[in-house]
Amino acid sequence: QVQLVESGGGLVQAGGSLRLSCAASGSIFSINVMAWYRQTPGKQRELVALLTRTGSTNYADSVRGRFAISRDNAKNTVYLQMNSLKPEDTAVYYCNLRQYGDVYWGQGTRVTVSS
């Protein structure tokens, strides 16, 4: 089993920055993909950023150039640095880990960007 614990959400003004963290514990294997998703009421959960163990990344068009995903493999932790935040970035952000066909989710952390 894998447990994911997110932290770092909160309230920030437009233009500000936040850094989200997600610590993974349990049966973590060397080949995995970690990612951040977000969801707002009435909408499907959407991919924000993805990072493979070898460093390949993928970003949603809406955040490219403003957000940066990184990971510390030794700590099994993934980060999401969010800069130039906009009110439309307001959502619950979820950490996601995929390995060997299994998918795990964190409990979510809320990010609110005020205008």
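The values are calculated or read from the model by the stated rules, or taken from the named source; none is laboratory data. Computed from a prediction, not measured in an experiment: that's the story for all the values here. Cβ coordinates were reconstructed from backbone atoms using ideal geometry, including for glycine residues, and neighbour counts include every protein chain displayed. Only protein heavy atoms, including side chains, enter the accessible area calculation; ligands, DNA and RNA are left aside. Shrake-Rupley method; radii C 1.70, N 1.55, O 1.52, S 1.80 Å.
At a glance:
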read-out: Qualifying residue in the range 81-88 (condition: over 22 Å from Gly10 (Cβ atoms) and open to solvent by 20 Å² or more (accessible area, probe 1.4 Å)); value: no
read-out: Selected residue (criterion: modelled with the lowest pLDDT) from residues of the range 91-115 that are polar (S, T, N, Q) and buried (at least 18 other Cβ atoms within 10 Å of the Cβ); value: Gln99
read-out: Residues (within 19 Å of Tyr93 (Cα to Cα) and part of a loop (DSSP other than H, G, I, E, B)) located in the range 52-74; value: Ala60, Asp61, Ser62, Val63, Gly65, Arg66
read-out: When residues of the range 57-87 are limited to those that are of a type in the set (S, T, N, Q), more than 13 Å from the chain's Cα centre (by Cα) and modelled with pLDDT of 95 or more, the one nearest to Leu20 (Cα to Cα); value: Asn83
read-out: Qualifying positions in the range 24-38 - more than 11 Å from the chain's Cα centre (by Cα) and either at pLDDT 95 or above or not in a strand (DSSP E or B) (or both); value: Ser27, Ile28, Phe29, Ser30, Ile31, Asn32
